[in-house]
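This report concerns only the one structure given below.
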Amino acid sequence: MHSKPETIANVSVKEYCFSKKQIQGVVEASQFKWTFTYSFNKGLLKVNPPLGRALIENALLKFLLKKDYELETGNEYKFTISAKF
């Protein structure tokens with residue numbers, strides 16, 4: 001029996017600013033590391049650098065949409081991506 005491919009992503013929230021209506025942080029998965037800014041009033045996510053961004057962008061956005069009100073500055077979170085990279 002084969003297990004499903006998956007990768008664990010680690011999210012670190014660096015700033016959660018209600019006045020700017022955005023979350024800034026870092027996400028790491030496998031050997032990749034990105035910074036992100038999520039404008040939760042607009043549902044807009046910016047991920048940098050562009051290298052490998054397609055691997056994480058949709059999964060990170062789903063995580064942020066689901067958990068944004070539970071996230072706190074300085075905390076770390078994990079979520080699973082249904083792909084191996």
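Would you mind counting up the charge near Ile81? Only other residues with Cβ under 14 Å from its Cβ, with Lys and Arg at +1 and Asp and Glu at -1. Please list the in-between numbers first.
Values: positive: Lys4, Arg53, Lys62, Lys66, Lys78, Lys84; negative: Glu6, Glu28, Glu57.
Once all neighbours under 14 Å are counted, the net charge is +3.
For the chain, give the magnitude of the charge dipole about the Cα centre (Cβ charges: +1 Lys/Arg, -1 Asp/Glu; no others), in debye to the nearest 20.
Working: 13 positive and 8 negative charges, 50 e Å.
In total the dipole reaches around 240 debye.
Of the listed values [x] 20.0, 55; [y] 11.9, 35; [z] 12.8, 50, identify the label whose number matches Rg and Dmax of the Cα atoms in Å calculated from this model.
Entry [z].
Restricting to DSSP loop positions (anything but H, G, I, E, B) with no more than 12 other Cβ atoms inside 10 Å of their own Cβ, which GluC sites (Glu not before Pro) remain in the range 11-85?
Numbers: sites: Glu15, Glu28, Glu57, Glu70, Glu72, Glu76; in loops: Glu72.
Passing both the DSSP loop test and the Cβ count: Glu72.
The range 1-69: which trypsin sites (Lys or Arg not before Pro) are DSSP loop and have at most 12 other beta-carbon atoms within 10 angstrom?
Numbers: sites: Lys14, Lys20, Lys21, Lys33, Lys42, Lys46, Arg53, Lys62, Lys66, Lys67; in loops: Lys20, Lys21, Lys42.
Taking the range 1-69 and a limit of 12 other Cβ atoms within 10 Å, the loop trypsin sites (Lys or Arg not before Pro) found are Lys21, Lys42.
Laboratory data are not the source of any read-out in this text; all were calculated from the coordinates shown. Just so it is clear, the model here is predicted, and its values are computed rather than measured. Because the Cβ atoms are built from the backbone with ideal geometry, glycine has one as well, and the counts that use them run over all protein chains shown.
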